[in-house]
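The values are calculated or read from the model by the stated rules, or taken from the named source; none is laboratory data. Bear in mind that the values here come from a model prediction, so they are computed numbers and not experimental data. Glycine also receives a Cβ, built like all others from the backbone with ideal geometry; neighbour counts cover every protein chain displayed. Keep in mind that these areas ignore ligands, DNA and RNA; they rest on the heavy atoms of the full protein, side chains included. Shrake-Rupley method; radii C 1.70, N 1.55, O 1.52, S 1.80 Å.
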Amino acid sequence: MEIFQVVGLAVVSVVVLLVIRRHRPEMAVLLALVVGLVIFFMVAQRLLAVLEFLRDLAARAGVDSLYLNIILKIVGIAYITEIGAQVCRDAQETSVAAKVELAGKLLILVLAVPIVMAIVEAVLRVL
Amino acid sequence: MGMDLVFKIAFIGIVVSILSIVLKQAEREEWAQMLTLAGVVAVLMIVAEMVLELFQAVRTMFQLY
């Protein structure tokens, strides 16, 4: 199972990070980012399979694929924002991390507007 | 995938930090700085490539065009 590889890699990397962080903090930040990416690529295939399953489920349930696409976009944006914010926090730049998260939230809000409009129209139609 | 990258970067980091300490002992402060810069640039090249790969993967996965 991949979980053993992931945990093994994480433990080894954390030890190496401890060694590197004392002398070269900037290298440690980059190494931490690379470890995160490698772990993501390890589980990427499983994530793809889950997404395909979600799409089939939505198609079978008759949910309009537009909404599912918007939800997937929001999840993607949230994930990338999280990666960026964590890298900034790793480098003790919490203010930059806060700005990245602000941008991520705004972009998600912009994406969510059509769904909110659809809900409001549906409610008005009912009343 | 890419697990060797982690060890390559760890190797570069350790070598650069050790060499810079040695250079500092030999009163070659400016060489140590340049070596550190070279190390960071090398690691940045690798990281930039991986981040691009990440963005491509996420873009195709979540249709974030």
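Listed here are the residues, each with its yes/no results for (1) out of contact with any helix residue (DSSP H, G or I) (no Cβ under 7 Å at 6 or more places or on another chain); (2) more than 10 Å from chain A (Cβ to nearest Cβ); (3) open to solvent by 60 Å² or more (accessible area, probe 1.4 Å); (4) β-branched (Val, Ile, Thr).
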position	(1), (2), (3), (4)
B:Gly13	no, no, no, no
B:Leu19	no, yes, yes, no
B:Leu23	no, yes, no, no
B:Arg28	yes, yes, yes, no
B:Leu35	no, yes, no, no
B:Leu54	no, no, no, no
B:Gln63	no, no, no, no
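Only one of these conditions is not met by A:Leu33: (1) open to solvent by 70 Å² or more (accessible area, probe 1.4 Å); (2) within 7 Å of another protein chain (Cβ to nearest Cβ). Which number is it?
Of everything listed in (1) open to solvent by 70 Å² or more (accessible area, probe 1.4 Å); (2) within 7 Å of another protein chain (Cβ to nearest Cβ), A:Leu33 misses just condition (1).
Do the conditions hold for A:Ala85, that is, is it under 23 Å from B:Gln56 (Cβ atoms), buried (at least 16 other Cβ atoms within 10 Å of the Cβ) and not assigned by TED's automatic domain parsing to the domain that holds A:Met27?
Yes: the conditions hold for A:Ala85.
For the range A:18-30, which positions are open to solvent by less than 40 Å² (accessible area, probe 1.4 Å) and assigned to a helix (DSSP H, G or I)?
Those that are open to solvent by less than 40 Å² (accessible area, probe 1.4 Å) and assigned to a helix (DSSP H, G or I): A:Ile20, A:Met27, A:Ala28, A:Val29, A:Leu30.
Restricting attention to the range A:44-62, does a residue exist that is surrounded by 13 or more Cβ atoms within 10 Å (Cβ to Cβ) and among the β-branched types (Val, Ile, Thr)?
No, the range A:44-62 contains no residue that is surrounded by 13 or more Cβ atoms within 10 Å (Cβ to Cβ) and among the β-branched types (Val, Ile, Thr).
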